[in-house]
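Below is one structure, written out as structure tokens, with a few remarks after it.
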Amino acid sequence: MTLNSIGLNPEKAKDLANDLNDLLANFQIYYQNLRGIHWNIKGKRFFDLHAKFEELYTDANVKVDEIAERILTLGETPLHTFEDYTSHGKVPVGKNISQDEKAVQLIVESLTELLKIERDILDKSGDANDEGTNSMMSDFITEQEKTVWMMKAWLS
């Protein structure tokens, strides 16, 4: 078996890049959801949530770039159109959400979907001996599980 320039099976690398493109598309939807709730949040918890949502969308923006760069590292092209994002979307789309509990629930639901995609990629990247993707997914999962826990604690 001939390996690619980073030592991976080319077919497995291509499959992982395709899965990462699904993740990228869904992260872009999540990011846009966060921007929307950041802009539109109202109520007595405005100041705390407005700042928290900005923290989350800033982090999501960094992760989008990391995912796209990993796709490029694997030798493929990252998705980059809204049409691509919506056609791959599994994350719920939040529209005109201004109520605090609905906004936080949207984050929980979005991260739940992202975690499913990431766990699938984690499994496949381990099988492909792709430590770069594996490490990225492991880090994302750890952070997002904590965020889900915190958001659910806030909701209770």
*Packing-wise, with mean Cβ within 10 Å as the measure, how do 82-94, 28-40 rank, highest first?*
28-40, 82-94
*asked:* Angle check, please: helix 10-40 long axis (alpha carbons) against the longest principal axis of the chain (alpha carbons), in degrees 0 to 90, nearest 10.
replied: 10
*Karplus-derived 3J(HN,Hα), 6.51/-1.76/1.60, for each residue of segment 79-95, Hz, glycine and proline x*: 4, 8, 10, 4, 4, 4, 4, 5, 6, 9, x, 10, 5, x, 9, x, 10
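If a/c stays under 1.5 just call it rounded; otherwise compare a/b with b/c (prolate if a/b is bigger, oblate if not). Do that for segment 42-100, with a ≥ b ≥ c from the square roots of the Cα gyration tensor eigenvalues.
Oblate is the answer for segment 42-100, as a/c is 1.5 or above yet b/c matches or exceeds a/b.
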*Considering the chain as a Gaussian network with a 10 Å cut-off on Cα pairs, which listed residue, 19, 130, 139, attains the greatest mean-square fluctuation?*
139
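For segment 10-155, take the convex hull of the Cα atoms, compute a quarter of its surface area, and give me that in nm², please. Write out the running numbers ahead of the final one.
Numbers: hull surface 31.9 nm².
Result: 8.0 nm².
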*lysines within cross-link reach of residue 102: Cα-Cα under 20 Å, excluding same-chain residues under 8 positions apart?*
42, 44, 52, 90, 146, 152
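Read-outs throughout are calculated quantities, based only on the coordinates presented, and are distinct from any laboratory measurement. This is a predicted model, so every value here is computed, not measured. Cβ coordinates were reconstructed from backbone atoms using ideal geometry, including for glycine residues, and neighbour counts include every protein chain displayed.
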